[in-house]
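Colleague: I'd like to ask some things about the structure below.
The values are calculated or read from the model by the stated rules, or taken from the named source; none is laboratory data. Keep in mind that what you see is a predicted model, and the values were worked out from it rather than measured. Ideal geometry is used to build each Cβ from the backbone, glycine not excepted, and the neighbour counts take in all protein chains shown.
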């Protein structure tokens, strides 16, 4: 993906250096992977799989920067300020609280950074049944979509309202935030395909399957419980797939107004 911006990474110490170089060039903060001596901070040593994750995330992030810069220019008449993606292993800290493999990927508006554990891609494929490069790209694109919401002022307004209402209503607002991010991820996928010619047969199906596997109803059922809609914070599998597809099919920000939609 991304018009050949990938960087070959070797093993051992050279691999660690290469990770840092990639991060410096393409907007990924990799310092949580390393301490002052250049060794692993937490979660075990840097592995070849971690290096591949760093490369993949860096290239995907670079794609999102170019695509969203174009979309802001064309549809917002404004300048897009790129996000930073913090890639970590084990645990790290953010202004929004601690981050670990258990928290899953998230975006912190306080520092305008997205946080992603290197092991999440393994979890996505092996535990959640959402394998494939584009499934992983969808996850990155979804988190960057929260940054887009932050840039547009949507996220701050939604969070301000959530702080003043009860839990059930807060959850309902969260669902609309997350589904809009799915829709924005679909917009990115469409424009990335058009701009870079990077989509391959089956890529959109991989993203749709990922959206299905991380729907609230599917996750609650997989955990042995009965889906409880009032506790949903991200939307059902069907909703997540449908809003991603809407963004992909239209390519337009105005088509992703989950807050104005009568039905999700």
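Colleague: So is residue 44 touching a strand residue (DSSP E or B) at 6+ places or on another chain (Cβ under 9 Å) and modelled with pLDDT under 90 or not?
Modeller: no
Colleague: The conditions are (1) at pLDDT below 90; (2) surrounded by fewer than 12 Cβ atoms within 10 Å (Cβ to Cβ), and residue 18 fails exactly one of them. Which is it?
Modeller: All conditions are met except number (2).
Colleague: Same structure again: So residue 74 passes all but one of these: (1) within 17 Å of the chain's Cα centre (by Cα); (2) within 30 Å of residue 254 (Cα to Cα). Which condition number does it fail?
Modeller: Against the list (1) within 17 Å of the chain's Cα centre (by Cα); (2) within 30 Å of residue 254 (Cα to Cα), residue 74 comes up short only on (1).
Colleague: Still on this model: If a residue counts only when it is touching a helix residue (DSSP H, G or I) at 6+ places or on another chain (Cβ under 6 Å) and closer than 22 Å to residue 237 by Cα, which helices (runs of 4 or more DSSP H) contained entirely in the stretch 114-216 have at least 3 such residues? Break it down stepwise before answering.
Modeller: Numbers: elements: 120-126, 133-151, 154-162, 167-196, 203-213.
Where helices (runs of 4 or more DSSP H) fall fully within the stretch 114-216 and carry at least 3 residues being touching a helix residue (DSSP H, G or I) at 6+ places or on another chain (Cβ under 6 Å) and closer than 22 Å to residue 237 by Cα, they are 133-151, 167-196, 203-213.
Colleague: Then there's this: Give 226, 175 a once-over and let me know the one that is farther than 24 Å from residue 121 by Cβ and under 16 Å from the mean Cα position of the chain (by Cα).
Modeller: 175
Colleague: Another question about this same structure. In the stretch 218-233, what residues are part of a helix (DSSP H, G or I) and over 17 Å from residue 104 (Cβ atoms)?
Modeller: Result: 221, 229, 230.
Colleague: Under 6 Å between Cβ atoms, at least 6 apart or on separate chains: pull out the pairs that start in the stretch 218-238 with a residue that is touching a residue at least 24 places away in the same chain (Cβ under 8 Å) and on the phi < 0 side of the Ramachandran plot and end on any residue that is part of a loop (DSSP other than H, G, I, E, B) and surrounded by 17 or more Cβ atoms within 10 Å (Cβ to Cβ).
Modeller: Listed pairs, sorted by first residue: 237/215.
Colleague: Among the residues of the stretch 154-172, is any surrounded by fewer than 24 Cβ atoms within 10 Å (Cβ to Cβ), within 18 Å of residue 57 (Cα to Cα) and touching a residue at least 60 places away in the same chain (Cβ under 8 Å)?
Modeller: No, there is no match, as no residue in the stretch 154-172 is surrounded by fewer than 24 Cβ atoms within 10 Å (Cβ to Cβ), within 18 Å of residue 57 (Cα to Cα) and touching a residue at least 60 places away in the same chain (Cβ under 8 Å).
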